[in-house]
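Below: one structure, written as structure tokens.
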Amino acid sequence: MKDLVRLRTSVKESVELALNQQIQMEMVSSSKYLAMAGWCDRNGFDYSAGFFYKQSEEERSHAMKIFHYLSDQGGTAHSPEVPAVEQEFDSLRAVFEGALEQEIAVTDSINRIIVICRRENDFATDELMKWFVKEQMEEEYIARRCLDLFDQIPADQIFELDKQLASVTYDGAPFGE
Amino acid sequence: MIVSARTTSSAHAVEIFRTERGAVYQCDATQRLILDFWDTHTALSTRDFAQFRRMVNTIDVQQMALSTGSAYDVEILAPPRSERCYVLTLCEIIHLRELLNGSQLMLDLNSMLRECGCSLTSIA
């Protein structure tokens with residue numbers, strides 16, 4: 001008797017479900033960052049707005065990376081439903097705090113997928129997720145460093161703060177890339 | 001409920017799961033799963049079978065059970081790429097779920113056995 005399921009796809013159902021949930025999470029992140037960019041734009045934080053527009057694009061590209069992977073492996077990738085996200089924020093600091101919280105939630109989710117992959121012996125998806133682990137290290141670093149700047153730059157130098165926030169990058173490269 | 005892996009009258013169709021209400025067969029020649037439910041036969045690819053199972057599993061049976069509105073008496077389901085349309089009551093949905101999920105379990109078991117170097121039919 002042929003193994004029709006394996007002939008169709010190398011991705012187990014539990015992994016497919018987790019990846020579809022991750023696609024949705026990345027798209028929700030993209031939507032949240034777009035709302036943050038819009039708020040920054042409306043309130044004159046041009047540099048931060050640029051930072052979040054870029055973040056929004058990046059999150060979408062992450063979702064697409066998983067979407068293409070799942071489709072290429074014979075799985076079924078679902079175009080996700082994206083619920084309404086918060087459009088207003090109390091302050092610029094609150095925006096960046098929200099960004100860090102979102103990145104931590106994404107990291108936790110990636111880690112959970114890796115646990116599922118290892119339980120199912122899905123080494124291909126595990127390999128894909130390793131790329132996301134490194135990406136999340138960078139994302140969390142940047143979000144945390146941005147929040148540090150709020151303590152380091154006086155509140156009355158808001159233009160300088162806005163400028164510095166958008167210039168934060170990660171060049172630690174502990175994996176030598 | 002009977003779980004078996006015996007060959008049917010068709011040379012290539014193997015019964016992979018059966019309940020009192022129906023059965024699911026696998027045809028290796030066409031690589032299709034044949035759903036036999038309430039005297040209907042529907043051939044589905046594994047992808048469509050998985051999609052149809054998801055459709056059946058995501059029906060809110062609790063709402064169907066609790067709601068007094070006639071709109072909740074039945075659920076209309078069309079398997080992907082099939083001309084068939086099922087109009088199912090709550091009980092029929094539960095029976096269909098049992099059949100589809102049991103079949104999926106057997107398909108997963110076959111995958112596990114294949115990884116170990118044997119198959120469902122060779123141990124039946």
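Since every read-out is calculated from the coordinates, none of them should be taken as a lab result. All figures in this text were calculated on a predicted structure; none of them were measured in a lab. Cβ sites come from the backbone with ideal geometry, for glycine too, and all protein chains shown count toward neighbours.
Any residue in the stretch A:71-86 that is on the phi > 0 side of the Ramachandran plot and over 15 Å from the mean Cα position of the chain (by Cα)? Even if it seems obvious, please write down each step before you answer.
Filtering the stretch A:71-86 for residues on the phi > 0 side of the Ramachandran plot gives A:74.
If we keep only those that are over 15 Å from the mean Cα position of the chain (by Cα) as well, we get A:74.
Yes, there is a match, as at least one residue in the stretch A:71-86 is on the phi > 0 side of the Ramachandran plot and over 15 Å from the mean Cα position of the chain (by Cα).
Which residues, counting only those in the stretch A:76-96, are within 17 Å of residue A:151 (Cβ to Cβ) and out of contact with any Ser or Thr (no Cβ under 9 Å at 6 or more places or on another chain)?
Of the stretch A:76-96, the ones within 17 Å of residue A:151 (Cβ to Cβ) are A:91-96.
Matches in the stretch A:76-96: A:91, A:93, A:94.
Kindly check whether there is at least one residue in the stretch A:21-34 that is within 14 Å of another protein chain (Cβ to nearest Cβ) and in contact (Cβ under 8 Å) with a residue 12 or more places away in the chain. Walk me through it before giving the result.
Let us first name the residues in the stretch A:21-34 that are within 14 Å of another protein chain (Cβ to nearest Cβ), namely A:21.
Restricting the remaining residues to those that are in contact (Cβ under 8 Å) with a residue 12 or more places away in the chain gives A:21.
Within the stretch A:21-34, one or more residues are within 14 Å of another protein chain (Cβ to nearest Cβ) and in contact (Cβ under 8 Å) with a residue 12 or more places away in the chain.
Which number in (1) surrounded by fewer than 21 Cβ atoms within 10 Å (Cβ to Cβ); (2) closer than 22 Å to residue A:169 by Cα marks the one condition that residue A:7 misses?
(2)
Could you check the stretch B:41-124 for helices (runs of 4 or more DSSP H) lying wholly inside it with 2 or more residues that are more than 10 Å from chain A (Cβ to nearest Cβ) and not polar (S, T, N, Q)?
Details: elements: B:46-57, B:61-66, B:90-115, B:120-123.
Filter on the stretch B:41-124 gives B:46-57, B:61-66, B:90-115.
Under 8 Å by Cβ, and 6 or more places apart or on different chains, what pairs join a residue from the stretch A:102-122 that is in contact (Cβ under 8 Å) with a residue 40 or more places away in the chain with one that is part of a loop (DSSP other than H, G, I, E, B)?
So the pair list comes out as A:116/A:122; A:120/A:12; A:122/A:10; A:122/A:11; A:122/A:12.
Got a number for residues in the stretch B:11-25 being within 14 Å of another protein chain (Cβ to nearest Cβ) and touching a residue at least 60 places away in the same chain (Cβ under 8 Å)?
The first filter runs over the stretch B:11-25 and keeps only residues within 14 Å of another protein chain (Cβ to nearest Cβ), leaving B:11-17, B:24-25.
Right, trim to touching a residue at least 60 places away in the same chain (Cβ under 8 Å) and you get B:14, B:16-17, B:24.
Looking only at that region, the number is 4.
Given the conditions (1) more than 14 Å from chain B (Cβ to nearest Cβ); (2) closer than 25 Å to residue A:120 by Cβ, report the number of the one that residue A:75 does not fulfil.
(1)
Return the total of residues in the stretch B:63-90 being within 28 Å of residue B:46 (Cα to Cα), surrounded by fewer than 10 Cβ atoms within 10 Å (Cβ to Cβ) and over 15 Å from the mean Cα position of the chain (by Cα).
Residues meeting the conditions: 2.
Could you tell me how many of the residues in the stretch A:80-92 are touching a residue at least 40 places away in the same chain (Cβ under 8 Å) and over 26 Å from residue A:132 (Cα atoms)?
Restricting attention to the stretch A:80-92, the residues satisfying the condition of being touching a residue at least 40 places away in the same chain (Cβ under 8 Å) are A:80-83, A:85-89, A:92.
The next check asks that each one be over 26 Å from residue A:132 (Cα atoms); those that pass are A:87-89, A:92.
Residues flagged as touching a residue at least 40 places away in the same chain (Cβ under 8 Å) and over 26 Å from residue A:132 (Cα atoms) within the stretch A:80-92 amount to 4.
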